[in-house]
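A short worksheet on the structure shown next.
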Amino acid sequence: MALFGRNKTTVGLDIGSGLIKVAVIDHSKREPELVRVTVTPLLADAIVEGEVMDPGIVAEAIQTALASAEVKSKDVVTAVGGRDVIIKKIQIERVKEQQARELMRWEAEQHVPFDMESVELDFQILDPDGSGPEMNVLLVAAKRELVESKVRVLTDAGLDPVIVDVESFALHNAFEVNHPDAMRGVVGLLNIGHDVTNINILDDGVPLLTRDLTVGTRRFREDLQRERGLSADDAQQLVQGFDRSPHLESVIETRGEEIAVGIERATAFLEQNSRGGHVRAIYTCGGGSRIPGLNEMLANRLRVTVQQANPLANLKVRDGALASLVTDEIAPLLMLPIGLALRQVA
Ligand SMILES: Nc1ncnc2c1ncn2[C@@H]1O[C@H](COP(=O)(O)OP(=O)(O)OP(=O)(O)O)[C@@H](O)[C@H]1O
Ligand SMILES: [Mg+2]
């Protein structure tokens, strides 16, 4: 289809440890339109906690995913995340962008616990129009090896990664479009995946902190098998079903507690914050946000509103874009790929 060959479409590729997700967004009209989505399961353990263990299998699955999305272009937007990416808000003297760029390496040495020789740095001035003597800058440092290995997998699959974004920024992007409310006050964005749960804390839309927990739907499924004696299939069905069950409740009790503690730890520093901020609301996405009863458990345990997010809330969707996928079942998993596809490639 010529449609996807045009430059004005962006292909967002989210290489998850459970599912590879592709979202294609057409930017040629006044408002972005989602034109295609596919999800392709990845063989167990090909990616573990964000690290590619079997590049051959992953490259092949990416090709399958793009072929089923009928993507002809080689250009994709993807992202890196995890503990090898550090995002930090810092204050520096107010200088011009070019000068800030020069200052960044020195600043990064103070703030980033990685060897400076092995990192890629980027930054964004958060208040470019401000006039005070200092300005707020968002500093991003990613281990070069992480970026290179991601790029290698893609080039092995015959692709050209035109943008390598940061996962939490892409999520942020999709939230901003679909849940503008999440940009108000201190909120937590939780992406509960197959292997990993990302916690992102935002203050009026500015990222304050990101953390990863090694818990996701895989752990829930394994617990159901081990502790409740369910088959893998039955366990999987409970995890991605719509109904609560006594089996699930006990697993949610323990794994949900793990997530709740992770959120408490991530937000403990807010107590010392001069603004005395506390988390106003939590928004969840990812496959784990569909676990029946988990959002409620977190809301009760943390005494905060927990809302499941929807990346299609404010996005135009072309008829047939989801093909045979059921919107309610798949939408919560699409936050990241849609955030990636919302990027416009020049
Ligand atoms: N409709 C669905 N289709 C497939 N899997 C689903 C669905 N709903 C929930 N799930 C569960 O969600 C998991 C995938 O979630 P998600 O796509 O967010 O994870 P991932 O991005 O692959 O993993 P990670 O981010 O940890 O690398 C599946 O393994 C499955 O357990
Ligand atoms: Mg994921």
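Just so it is clear, none of the values below were taken in a lab; they were calculated from the coordinates. Computed from a predicted model, the values in this text were never measured in an experiment. Methodologically, a virtual Cβ is constructed for each residue, glycine included, from the backbone with ideal geometry; neighbour enumeration extends over all protein chains shown.
Overview of values
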{"quantity": "Rounded to 5, percent antiparallel among DSSP beta bridges of the chain", "calculated": "70 percent"}
{"quantity": "Range in the chain, longest, excluding exposed GluC sites (Glu not before Pro) [loop by DSSP; at most 16 other beta-carbon atoms within 10 Å]", "calculated": "71-346"}
{"quantity": "Label point distance in nm, D156-D243, each placed 7 Å from Cα along Cα→Cβ", "calculated": "4.3 nm"}
{"quantity": "Gained length - T64 relative to E109, 0.36 nm times residue gap less alpha-carbon distance", "calculated": "12.1 nm"}
{"quantity": "Surrounding net charge for L333, when Lys and Arg each add one and Asp and Glu each subtract one, Cβ distance under 13 Å", "calculated": "-1"}
{"quantity": "Added length on full extension, which subtracts the Cα-Cα distance from 0.36 nm per residue, R228 to E329", "calculated": "33.9 nm"}
{"quantity": "Kirkwood hydrodynamic radius over Cα pairs of the chain, then Stokes diffusion coefficient at 25 °C and 0.890 mPa s, in µm²/s", "calculated": "117 µm²/s"}
{"quantity": "Computed label-point distance, nm, for sites F269 and D319 using a 7 Å Cα→Cβ extension", "calculated": "5.0 nm"}
{"quantity": "Helix-derived mean residue ellipticity, 222 nm - over the chain, DSSP H n ≥ 4, -39500 (n - 2.57), to 500", "calculated": "-9500 deg cm²/dmol"}
{"quantity": "Pairs of lysines in the chain (C-alpha under 14 Å apart; 8 or more residues apart or interchain)", "calculated": "4"}
{"quantity": "Cβ-based net charge around M183, under 13 Å, with every Lys or Arg adding one and every Asp or Glu removing one", "calculated": "-2"}
{"quantity": "Spin-label model distance (nm) - E31 vs T214, 7 Å beyond Cα toward Cβ", "calculated": "4.3 nm"}
{"quantity": "Chymotrypsin sites (Phe, Trp or Tyr not before Pro) restricted to DSSP loop in segment 238-344 with at most 15 other C-beta within 10 Å", "calculated": "F242"}
{"quantity": "Sparse-neighbour loop sites [trypsin sites (Lys or Arg not before Pro); segment 24-110; at most 11 other C-beta within 10 Å; DSSP]", "calculated": "K29, R30, K96"}
{"quantity": "Neighbourhood charge, 10 Å Cβ-Cβ cut-off, centred on V162 and excluding it, Lys, Arg +1 and Asp, Glu -1", "calculated": "0"}
{"quantity": "Residues R280 and E97, FRET efficiency given R0 of 25 Å [Cβ-Cβ distance, rounded to 0.05]", "calculated": "0.20"}
{"quantity": "Whole-Å distance, taken between Cα centres, linking segment 137-151 and segment 188-242", "calculated": "24 Å"}
{"quantity": "D_trans [Stokes-Einstein, Kirkwood Rh over alpha-carbon pairs] for segment 180-308, 20 °C, 1.002 mPa s, µm² s⁻¹", "calculated": "144 µm²/s"}
{"quantity": "Overall form of segment 97-192 per C-alpha gyration tensor (a/c, 1.5; a/b vs b/c)", "calculated": "oblate"}
{"quantity": "Trypsin sites (Lys or Arg not before Pro) within segment 243-346: DSSP coil, no more than 11 neighbouring Cβ in 10 Å", "calculated": "R275, R303"}
